[in-house]
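Let me begin by presenting the structure, written as structure tokens, before commenting on it.
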């Protein structure tokens, strides 16, 4: 049986020509917009380290956000299917970008760290909620598309006042 396939598309438009185009590395703007049909336009730029606008999202920000967002959505789906009630989810994710020596051009992310903090309703679900982060990583579409090591150091908390509903105490 063939796998199901879904197509995603975006239109990227460079807005930084400044009438002169790329006459020199410091002479052009790094601004761009991303249009996805039926959604708000996203304004982007290079990171400030690469002469971009610090007020706009850059590809590096969006990469980290995509990894974190995909992990979260996969995790929430797994929890819902397993009957684990998640009440809150926050992730302080980060990544390390290594730049090749000058003149070589290029670079790569050498690691991405996800640090989700999850609040669940039932203390008895804590062990399952912790294990589901590993499953979420294995099933995440974005993580499966990346060569960079992605580490997940999750914290699972039990909401106050619900610690003993399933007969277990919070750990």
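The values are calculated or read from the model by the stated rules, or taken from the named source; none is laboratory data. Remember, it's a predicted structure, so these values are computed and weren't measured experimentally. Here the Cβ is made from the backbone with ideal geometry for all residues, glycine too, and neighbour counts use every protein chain on show.
Quick notes on this structure:
- Of all residues in the stretch 97-107, those satisfying the criterion of being part of a strand (DSSP E or B) and over 16 Å from the mean Cα position of the chain (by Cα) are 98, 99, 107.
- When 67, 34 are screened for being over 23 Å from residue 114 (Cα atoms) and under 19 Å from the mean Cα position of the chain (by Cα), only 34 passes.
- Checked across the stretch 122-133, the condition of being closer than 30 Å to residue 29 by Cβ, outside the structural domain of residue 28 (by TED's automatic domain parsing) and in contact with a helix residue (DSSP H, G or I) (Cβ under 8 Å, 6 or more places away or on another chain) holds for no residue.
- Residues in the stretch 72-89 that are out of contact with any helix residue (DSSP H, G or I) (no Cβ under 9 Å at 6 or more places or on another chain) and not in a helix (DSSP H, G or I): 87, 88.
- Among the candidates 76, 87, residue that is assigned by TED's automatic domain parsing to the domain that holds residue 117, closer than 14 Å to residue 116 by Cα, surrounded by 12 or more Cβ atoms within 10 Å (Cβ to Cβ) and free of Cβ contacts under 8 Å to residues at least 24 places away in the same chain: 76
- Neighbours by Cβ (under 7 Å, 6+ apart or cross-chain): first from the stretch 1-14, in contact (Cβ under 8 Å) with a residue 60 or more places away in the chain; second loosely packed, with under 10 Cβ neighbours inside 10 Å and assigned to a loop (DSSP other than H, G, I, E, B): none
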